[in-house]
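**Student:** Let me give you the structure first, and then I'll get to my questions.
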Amino acid sequence: MSKEAASEENPHEPFLTCILAGVLACLPASADAIGSAVTLEIRANDRGPLRLYPAPGSADGPRAYAEAARGAGYRLVVRNTLGCRVGLVIAVDGRNIISGAKSWLKNNERMYILGPGETQEYSGWRTGQDKVNQFYFTSAEDSYAGAFDDASAMGLVAMASTGSTPPSRPRVTDRMEHSAPSAERSKAMGQAGTGYGEEVYSPSITVAFQPEARCSEKSLIKYEWRETLLRLGVIRDLPIHGNRLWDQGFAPPPPPRR
């Protein structure tokens, strides 16, 4: 069962309440992951890890591109290589995957908790203590964030990881924020986004966790349609050359005589 930090205010509870959600994944390490102490990868439900194309990073952490396939379901795989628990604020298309609120990857948001050496899969938007609605690649107009007219971080999987500190004062609860309609949605037309898919069983429990004041690392994966990645020069379609002694075929008619 996986852990989630709910970040809800309680005057009698000095720790953040956190959620442990899902089933622990026993998965081999993947070369298609970013991050150091805590790694992040995207796994398509039908074809395994998405290949990552490195992008210029930042002082906060690594960045990469990934190719999205229309309609394909996917999940996020996170591995904690440390010997301590970590809190994970995860946002897809700029929305916290637990609360659905607009995310700034801050430590007062709802978060998942990952134990020492654990690997966990996160496969959808949490809609209850024991259920999520699955992630799938879709158009920005059909995406979960698009339903809130929020295209401010469309096509992005973002994760901030943090350790824990001794108890202190209670944290302010996170709030669901609905963006006012704006021109952002029209700007996102044609972009890749993540939809609010089929509901599936995903058990979770709530635990206490006091995050550090600052995150340890941020990892960002920008997923795009193949045609967008080609246009950006992230990937290239190379010509396929046949082999005259290997490829089999039939004899064509001779060319006309001159």
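**Student:** In nanometres, what is the gap between the two model label sites at GLU198 and LEU232, each 7 Å from Cα along Cα-to-Cβ?
**Tutor:** 3.0
**Student:** With the cut-off at 16 Å, report for the range 83-159 the share of all Cα pairs above it, as a whole percent.
**Tutor:** 51
**Student:** Given H placed on each backbone N at 1.01 Å, which residues far from ALA55 in sequence or on other chains put an amide H within less than 5 Å of it?
**Tutor:** Residues meeting the criterion, in which the H sits 1.01 Å from N, are ARG63, ALA64, TYR65.
**Student:** Through the Karplus equation 6.51 cos²θ - 1.76 cosθ + 1.60, θ set to phi - 60°, convert the phi angles of the range 142-157 into ³J(HN,Hα) values in whole Hz; use x for Gly and Pro.
**Tutor:** Each residue of the range 142-157 in turn: 8, 6, 5, 5, x, 5, 9, 6, 10, 10, 5, 9, 5, x, 10, 9 Hz.
**Student:** For the range 40-53, take each phi angle, set θ = phi - 60°, evaluate the Karplus expression 6.51 cos²θ - 1.76 cosθ + 1.60, and give the result in whole Hz per residue in order, putting x for glycine and proline.
**Tutor:** Calculated HN-Hα couplings, in order: 10, 9, 10, 10, 6, 5, 9, 8, x, x, 7, 5, 9, 10 Hz.
Bear in mind these aren't lab numbers, they're just calculated from the coordinates by the rules spelled out. Just so it is clear, the structure is predicted and the values come from calculations on it, not from any experiment. So basically every Cβ, Gly included, is an ideal-geometry build from the backbone, and we count neighbours across all protein chains shown.
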